[in-house]
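Working notes, beginning with the structure itself.
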Amino acid sequence: MNKKNIIVFFGGCSSEYTVSLNSAAAVIRNLDRERYSPVPVGITRQGDWYHYTGETQQIAADTWHTDRAHCTPAILSPCRSCHELLICGSDELRRIPVDAALPILHGRNGEDGTIQGLIELAGIPLAGCGTLPSALCMDKDRAHRLVSLSGIRTPKALVLESPAPHQAHAFARQTGFPLYVKPVRAGSSYGVTKVSSPVELEPAMEEAFAYDSQIILEENIPGFEVGCAVLGTREPITGEVDEIELSGGFFDYTEKYTLKTSAIHVPARICVEKREEIKLAAVKIYRALGCSGFARVDMFLTPEGEIVFNEVNTIPGFTEHSRYPGMMKAAGFSFSEVLNRILEQTLTKQAQDSDKKVRIPS
């Protein structure tokens, strides 16, 4: 069997840079080396691209970019007939043929459709959601508007493009406290504040504006958060539903990556019928936003049993202990099997598309 070269993008110009490093290191470790050869491409915080050939543990430790012997500047060829990574050495230009690209980048400049557009422009098979769904899912306001059209409830919200204390306080009087203030386009709970009183509202808005030019105020949804891993395109499958148990506060950055005072239960501690209902809702949301490949759909479950949409992570955390692999594992799929399925469907779609004749008007 000819092994396929898979670019694994990691790092990036994002506040979630370090999260990406841990996810990418886990993906590289778990790739089936009998089928695939990883081609790691690291992007520094400053946006410089390097083909990285060193040890995988240096990626997770964030020392990869200091190892200049194993870092060579690289660019993706925009020529659709090439499918190549260009390695720009000091005295030569090398070319690595590429069969598919797997971005393991979180947050802006990686999960928001930017690199997806570059990969699609180059004609390279993209593992995961495409440009439009990536951009839509990153935008909490637009994602909520589309999902609400599918009949699934979304939180009441107010979007602001500049500080507007009077509008914010009026919204708070309407919904009551607590409420949440978030950047419209950010991940890993960066810039998110749970506001419990009027005096906390304006500082929370200032914090959110530090991460984006638009912020969103959302009503608090009683109950707890549940998630569902979705994999596939035409006939997506789901992992087991998980449940986030909080001792207080909300699932912020610290809790997401340390679980100091919270816990994740897989499967969720709810009846089987409700878990199946959540899975169906997750697939419905996934399709409404045009997702493909893989994504994690996050929702709230109220005390009355109502499902409320929260957000979709088109490139969820991918360490061995992250929620997406955990939900798939509970459904019977190992980490390596999940990666195999993602890449198999990507390459199969490419083969099917290649068989189709594209008619270009003269």
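The values are calculated or read from the model by the stated rules, or taken from the named source; none is laboratory data. Note that the coordinates shown come from a computational prediction; the quantities given were computed from them, not determined experimentally. Reconstructed Cβ throughout: ideal geometry from the backbone, glycine too, with neighbour counts over all protein chains shown. Only protein heavy atoms, including side chains, enter the accessible area calculation; ligands, DNA and RNA are left aside. Shrake-Rupley method; radii C 1.70, N 1.55, O 1.52, S 1.80 Å.
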| Candidate set: segment 46-79, residues that are touching a strand residue (DSSP E or B) at 6+ places or on another chain (Cβ under 9 Å) and among the β-branched types (Val, Ile, Thr); chosen: the one least open to solvent (accessible area, probe 1.4 Å) | 59
| remark: Conditions (1) touching a Pro at 6+ places or on another chain (Cβ under 8 Å); (2) open to solvent by 50 Å² or more (accessible area, probe 1.4 Å); (3) not hydroxyl-bearing (Ser, Thr, Tyr) -> residue 296 fails only (2)
| Sole residue being in contact with a Phe, Trp or Tyr (Cβ under 9 Å, 6 or more places away or on another chain), among the polar types (S, T, N, Q) and open to solvent by 50 Å² or more (accessible area, probe 1.4 Å), chosen from 22, 30, 2 | 22
| said: Can you confirm whether residue 157 is without any contact (Cβ under 8 Å) to a residue 12 or more places away in the chain and not acidic (Asp, Glu)? | reply: no
| Right, residue 191: within 18 Å of residue 296 (Cα to Cα), touching a residue at least 12 places away in the same chain (Cβ under 8 Å) and in a loop (DSSP other than H, G, I, E, B) or not? | no
| query | Looking at segment 273-291, which of its residues are surrounded by fewer than 24 Cβ atoms within 10 Å (Cβ to Cβ), touching a helix residue (DSSP H, G or I) at 6+ places or on another chain (Cβ under 8 Å) and of a type outside the set (A, V, I, L, M)? | reply | 290
| query | Within segment 343-362, is there a residue that is under 13 Å from residue 229 (Cβ atoms) and either over 20 Å from the mean Cα position of the chain (by Cα) or modelled with pLDDT of 95 or more (or both)? | reply | no
| request: State whether the residues of segment 88-98 include one that is in a loop (DSSP other than H, G, I, E, B), touching a residue at least 24 places away in the same chain (Cβ under 8 Å) and open to solvent by 50 Å² or more (accessible area, probe 1.4 Å). | output: no
| task | Identify, by number, the condition in (1) open to solvent by 30 Å² or more (accessible area, probe 1.4 Å); (2) part of a loop (DSSP other than H, G, I, E, B); (3) at pLDDT 95 or above that residue 234 doesn't meet. | result | (3)
